[in-house]
Amino acid sequence: MEVPVLKQGKFLIATIQAALSDADLENLRRGLVQQVVRFRSLGVIVDVTSMDVMDSFASRTLREIAHMIRLRGAETVIVGIQPEVAFAMVQLGLTLEDVATALDLEEGLAYLNTKFKSLD
Amino acid sequence: MAKRAIIGNGPHVAIDPTVQMAQNEATSELLRELVAHLRQNRTQLREEWVQRISETRLLTAMTKEEIFAEATSVYDSYVEALETETFEALQAYAQNLSERIIPRGVETHEVVGIVLLLRDVLARSLFAKYQADFRKLNRILDAYEPAANRIANTVAVGFVQERERTIRQQQEAIRELSTPVLQVRERLLILPIIGVIDPQRARQLTEQLLRGIRTNRAKVVVIDITGVAAMDVTVANHLVQTVEASRLLGATVIVTGLSPEIAQTLVTIGVDLGKMNTVGDLQGGIEQAERLLGYKVVPLSDPRQ
């Protein structure tokens, strides 16, 4: 199942809509890392609201996406982690270190907008 | 049938029914005689019982008058239970009594103790009355003992059940009271924790907090643990995990009011101080939270004017 990536002004928004296989996650990583430079985006939002399980591979891939996008010159925010998922992740030691997180899409956009306000 | 279940069962269950019926008849006859004796000597036996209660220092939480009043009604219910061989009334009385005396700190051993004392006092009076006729005494005791034991059992079970019910109710109440998640400003929650945190309560706290962050769309949470004297390593770990899980939901957590013992525990488990945002007291925590949210509190005018 492919993850749609929408361009919204200076940001990219990837909304995960169902459980993803490992291959899907790798495709998402490749796609996002390419597109962030192609569209000259400043930030990327990955919306995981509809994921009700997050295994270690998914968690590690999200972290890699964030770090790779940082190296490609943009900022990543993971939004919409469910409370149960969040606690399960922490218990497994998957804490997405050095990755920005926000409650939902709206909050994620607000975070990026504040961050890049000075550039306008 | 009920009579046989109470009194007639013993080693001789498989006896010819007619013989058994005759025996039941005899038992009932004996119990009637017994009850008449207890009614006749009510005043004296009751006095003796109350005397024994104060001698053994039971029911110290109650005054002498109260003990006497309760003893009278227990005595009457006791004799009535022996007479009717039904225990419902006694059970109801035991429950009612427990409701009244549990809040005053009466212990289980005291309640069991007084019922056993009454049994002994009554048995002694039977020994005294029938000492000349040993066979009759034996038969009377055969009738009396199972019923008396059943009564003691009923009262003790009633008391313990009532006590457990009270404890369950209180636990429920504590659980409901224990974890308020309060919004003090737009997007700012506080979670004051008071008392001992066991693993179950810790889990409940986390659940309520994470859910509260979502429903109130909180950006900053102040967890105040001034009222928690100490926590063990498991619970401390849980607290750290709660802080990290809150971050995954996009909220910043400020922990305030750490006692020296808890600080020691957190250092022992090697908490990453970069992840844990702590402030000395609740006031400081709320002030820092307001700064994070961009609020600034200014007085409307100079209070000295």
Looking at region B:36-49, I want the residues that are touching a residue at least 40 places away in the same chain (Cβ under 8 Å) and within 10 Å of B:Leu122 (Cα to Cα) and have a partner that is surrounded by 14 or more Cβ atoms within 10 Å (Cβ to Cβ) and aromatic (Phe, Trp, Tyr) with Cβ atoms under 9 Å, at least 6 apart or on another chain. Which pairs are those?
B:Leu38/B:Tyr75; B:Leu38/B:Tyr78; B:Leu45/B:Tyr75; B:Trp49/B:Tyr75
(1) under 22 Å from B:Asn153 (Cβ atoms); (2) surrounded by fewer than 14 Cβ atoms within 10 Å (Cβ to Cβ); (3) touching a helix residue (DSSP H, G or I) at 6+ places or on another chain (Cβ under 8 Å): which one isn't true of B:Lys64, the others all being true?
(1)
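If you take the residues of region B:50-61 that are crowded, with 18+ Cβ neighbours inside 10 Å and at pLDDT 85 or above, which of them is nearest to B:Leu30 (Cα to Cα)?
In the first step, residues of region B:50-61 are kept if they are crowded, with 18+ Cβ neighbours inside 10 Å; the result is B:50, B:53, B:58-59.
Pick out the ones that are also at pLDDT 85 or above and you get B:50, B:53.
On the way: B:Val50: 26, B:Ile53: 28 Å.
Selected residue: B:Val50.
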Where in region B:143-227 are there strands (runs of 3 or more DSSP E), lying wholly inside it, with at least 2 residues that are acidic (Asp, Glu), at pLDDT 85 or above and outside the structural domain of B:Gly285 (by TED's automatic domain parsing)?
none
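Out of all the residues in region B:124-132, is one or more in contact with a helix residue (DSSP H, G or I) (Cβ under 9 Å, 6 or more places away or on another chain), assigned by TED's automatic domain parsing to the domain that holds B:Glu145 and not in a helix (DSSP H, G or I)?
yes
Let's see how each residue does on (1) within 14 Å of chain A (Cβ to nearest Cβ); (2) more than 31 Å from the chain's Cα centre (by Cα); (3) among the aliphatic types (A, V, I, L, M):
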{"residue": "B:Arg185", "(1), (2), (3)": "no, yes, no"}
{"residue": "B:Ile193", "(1), (2), (3)": "no, no, yes"}
{"residue": "B:Ile197", "(1), (2), (3)": "no, no, yes"}
{"residue": "B:Arg211", "(1), (2), (3)": "yes, yes, no"}
{"residue": "B:Arg217", "(1), (2), (3)": "yes, yes, no"}
{"residue": "B:Ile223", "(1), (2), (3)": "no, no, yes"}
Selection from region A:50-87 of residues that are among the small types (Gly, Ala, Ser) and over 18 Å from B:Lys275 (Cα atoms)
A:Ser50, A:Ser56, A:Ala58, A:Ser59, A:Ala66, A:Gly73, A:Ala74, A:Gly80
Those residues that are in contact with a Phe, Trp or Tyr (Cβ under 9 Å, 6 or more places away or on another chain) and crowded, with 21+ Cβ neighbours inside 10 Å, I need them from region A:35-73; list them, please.
A:Ser41, A:Gly43, A:Val44, A:Ile45
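Condition test on B:Thr265, is it surrounded by 15 or more Cβ atoms within 10 Å (Cβ to Cβ) and at pLDDT 90 or above?
no
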As an exercise: evaluate B:Asn237 against (1) in a helix (DSSP H, G or I); (2) under 21 Å from A:Pro83 (Cβ atoms); (3) away from every other protein chain (no Cβ under 11 Å); (4) under 32 Å from the mean Cα position of the chain (by Cα) and give the number of the one condition it does not meet.
(3)
Are there helices (runs of 4 or more DSSP H) fully within region A:33-120 with at least 2 residues that are more than 10 Å from chain B (Cβ to nearest Cβ)? List them.
A:56-71, A:105-115
Would you say B:Ala230 is modelled with pLDDT under 85 and either outside any strand (DSSP E or B) or in the same structural domain as B:Ala94 (by TED's automatic domain parsing) (or both)?
yes
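The values are calculated or read from the model by the stated rules, or taken from the named source; none is laboratory data. For clarity, every value in this text was computed on a predicted model and none was experimentally measured. Virtual Cβ from ideal backbone geometry, glycine too; neighbours counted across all protein chains shown.
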